[in-house]
Amino acid sequence: MDPSSIILPGSLQNAAVLTIFLAFAGYLVTFLFTRMMARRSDRLRLVDQRLNEFYGPLYVASRAGDIAYQSLLKKQGKTHCHPIRDEDKKEWMLWMTTIFMPLNDVREKIIIEKAHLIVEEEMPLCLLEFVTHVVGYKAVLAKWADGDYSETRSTIGWPPEFDRYVKRSYAALKAEQTRLLHNAAWRLYQRLAGRKRR
């Protein structure tokens, strides 16, 4: 009996087992990598949506409102708007109706209509306080429209945590978006997915 005939079938058998093992391992790695990248893609899509539809517009409107408010205070030579002096009343009402309330309305609409995009599981208290603050001003502006100028401010104060919350949340989401976009595995996946589409 030829010794090579005994060795050859075993070698073929080992080669077949090794080929099957490598094919399965390759499939498993591809499956896990694709699944991980799909999760990353879903996460990036959610982060983008939160930035584009909720935290981004809320941040821009809040920054614009703060800049306008600081500008008004500087113009009036004050550091706080309290109390509103008689000589400042007309200008305060003008800025409130033409600048502050339109920005408040934008923010209120975002919070009410896009609440499902909030990062936290529960509605942050500062967002609820902001909406009630705006509602209070709507009552004041309605009185102004009727010629009653006895009130100049909402009875519900500005929530001090609101601006900090918006800024902090926006910055955290931008950082997460950058991390997700600049991950080496993500860039490789995007290149490979781009080639498959061509």
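Relative to the longest principal axis of the Cα atoms of the chain, helix 184-197 runs at roughly 70 degrees. Between the beta carbons of Asp86 and Asp66, assuming R0 = 30 Å, the FRET efficiency works out to 0.70 to the nearest 0.05.
A simple count of charges around Arg85, restricted to other residues whose Cβ falls under 12 Å of its Cβ and scoring Lys, Arg +1 and Asp, Glu -1, yields -1. Note on the chain: GNM, Cα springs under 10 Å; of Ser154, Ser71, Ser169, the largest mean-square fluctuation is that of Ser71. Summing charges over all other residues whose Cβ lies under 12 Å from the Cβ of Ala68, with Lys and Arg as +1 and Asp and Glu as -1, gives +2.
Its DSSP H runs of at least 4 residues, each contributing -39,500 (n - 2.57), put the calculated 222 nm mean residue ellipticity of the chain at -26000 deg cm²/dmol, to the nearest 500. Relative to its residue count, the chain spans a Cα convex hull of 170 Å³ per residue. In this structure, the residue pairs whose Cα-Cα separation is over 24 Å, taken from Lys109/Lys167; Lys74/Lys109; Lys78/Lys114; Lys109/Lys138; Lys75/Lys174, are Lys74/Lys109; Lys78/Lys114; Lys75/Lys174. In whole Å, what is the distance between the alpha-carbon centres of the range 104-142 and the range 9-77? Taking the Cα centre of the range 9-77 as reference, the centre of the range 104-142 is 28 Å away. Dipole size of the range 109-188 about its Cα centre, with +1 on Lys/Arg Cβ and -1 on Asp/Glu Cβ: approximately 480 debye, rounded to the nearest 20. Among the GluC sites (Glu not before Pro) in the range 122-157, those located in a DSSP loop and surrounded by at most 16 other Cβ atoms within 10 Å of their own Cβ are Glu122, Glu151. Straight-line cross-link partners of Lys143 among the aspartates and glutamates, defined as a Cα under 15 Å from its Cα and at least 8 positions apart when in the same chain: Glu151.
Every number in this text was worked out from the coordinates using simple rules, so none of it is lab data. The structure displayed is predicted, hence computed values, not measured ones. As a convention, Cβ positions derive from the backbone with ideal geometry for all residues, glycine included, and neighbour counts pool all protein chains shown.
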